[in-house]
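Written out below as structure tokens is the structure these notes cover.
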Amino acid sequence: MSVNFESDLLLITAASGKQSSHLIPQLVKQWKRIRLQVASTTSADNLAKQYANNAGIEVVQADMSDAQACTRIMDGVAACFLVTPGFHPHETECGYNIIDAALSQPAGQFKHLVHSSVIYPVLRKLLNHDSKRYVEEYLIESGLPYTIVQPTTLMENLPIAKLIQEASPTHACLWNPETEFSFVSCRDVGAACANILAEREKHYYATYQLVGTPQPLSYNDAVGIVSTALGKAVKLEQKSIEEGVVMFSNVFTRGELTVAAPFATTQGAARMFMYYNGKGLLGNPNVLEMVLGRKPLDYRAWVDINVRECKGGGHGARESGSGSGKADGLIARSTGLGLR
């Protein structure tokens, strides 16, 4: 059941999201057949333009909460990278639908499902973690060959490109900036998942926490590192829970102020901000180092790479807006909020 890079069809969900955007460039070096799923027409158009010169890439628009749509995009697929839409009112069902679609494939065709979950899905107070806990359980009991990765807080939530452009840079912090977290870069998540997909059987039935930073950092610490790299002070503005929910809702509704975010979405955001006011997410980088075959990027190294690329107009200049097309757009670039 080793990978046939010429003929195996690989499905990537949430293909314009932060994680998948860093995974796809790793995959195109080996995989000749890749199907990219997105939810919006804007994201579909953007990806189609981005990969217009790659005949092996197919872009499909589909709602993962629609079981029939999931069956359609899973047709002929040998492996799948699954990222469920965070804070979606039916996030758990989206995961179930993809798993069921994989199970519906002819015997022997589907060979590997890599699910990007979240660090500590057992934290029931965090609704965006709890929804993924059910997906993990369903996948484990499905009988499919699987690997689960559990990224911690993403470094990319700090919009480096925006901070570089501002004379007096300011970043909105939606919880206590002294709360400590372990961080991981989407670069390393992408590289690790590319290894897992390519090595396939070596990673069957494994669950990997993906953590990059060797020591916990608060957002005050993180902004201090950025300030040093930029040569100018970055100011943090702590927002109230109510303000944070409004900002988060604007990201979810693509900035359409006439569209209300679902109640489950605003509740999930409010609980997350309240939790982060007192508790962070802490982990260890040893597992990620094993999967990568090298030490993961620490925060300072990640900042230095992004500053260099942003000033040079490279990939890093686009990173802060790499969420979901306009799903992150102007709002995410100004707040650091974005979809996974």
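Computed from the coordinates by the stated procedures, all read-outs in this text should not be read as laboratory data. In this text, all values refer to a predicted model and were calculated from it rather than measured experimentally. Methodologically, a virtual Cβ is constructed for each residue, glycine included, from the backbone with ideal geometry; neighbour enumeration extends over all protein chains shown.
I need the shape label for region 163-233. Rule: rounded when a/c is under 1.5, else prolate if a/b > b/c, else oblate, with a, b, c from the alpha carbon gyration tensor.
In terms of gyration-tensor shape, prolate.
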TODO: Rounded to the nearest 10 degrees, what's the angle between the helix 263-276 long axis and the longest principal axis of the chain, both from Cα atoms, 0 to 90?
DONE: 60
Open item on the list: For region 179-306, I need the span (max minus min coordinate) of the C-alpha atoms along each principal axis, in Å, sorted largest to smallest.
Closed with: 47, 39, 27
TODO: Amide H neighbours of residue 59 under 5 Å, at least 5 residues apart or on other chains, H built in the peptide plane: list them.
DONE: 36
Open item on the list: Quick query: amide H of residue 176 versus all other amide H atoms, modeled in the peptide plane; which residues come in under 5 Å with a sequence gap of 5 or more or a different chain?
Closed with: 277
TODO: List the lysines whose Cα lies under 18 Å from the Cα of residue 279, skipping any in the same chain that are fewer than 8 positions away.
DONE: 125, 239
Task: 0 to 90° range, to nearest 10: angle between helix 299-312 axis and the chain longest Cα axis - done: 90
Task: Cα convex hull volume per residue for region 14-168 (Å³) - done: 138
- [ ] Measure off 7 Å from each Cα along the Cα-to-Cβ vector at residue 104 and residue 204, then give the distance between these two points in nanometres to one decimal.
- [x] 2.5
TODO: Treating only the Cβ atoms of Lys and Arg (+1) and Asp and Glu (-1) as charged, compute the dipole magnitude of the chain about its Cα centre; round to the nearest 20 debye.
DONE: 640
Task: Ratio Rg/Rh, restricted to the chain and using Cα atoms, in which Rh is the Kirkwood radius - done: 0.94
TODO: Name the long-range amide H neighbours of residue 210: under 5 Å, sequence gap of 5 or more, or other chain; modelled H, no Pro or chain starts.
DONE: 150, 152
- [ ] List the relative contact order of region 195-312 as a percent without decimals, with contacts defined as Cα pairs under 8 Å and 6+ residues apart.
- [x] 41
Task: Whole-angstrom Cα spans of region 79-187 along principal axes, big to small - done: 59, 29, 23
TODO: First measure r as the distance between the Cβ atoms of residue 134 and residue 170, then evaluate 1/(1 + (r/R0)^6) with R0 = 35 Å and state the FRET efficiency to the nearest 0.05.
DONE: 0.40
Task: Where labels lie 7 Å past Cα in the beta-carbon direction, separation of residue 66 and residue 232 in nm - done: 4.5
Open item on the list: Given a 10 angstrom Cα cut-off, can you work out which residue in 224, 268, 95 is the most mobile in a GNM of the chain?
Closed with: 224
Task: Helix axis angle, 18-27 relative to the chain longest principal axis, alpha carbon, degrees - done: 50
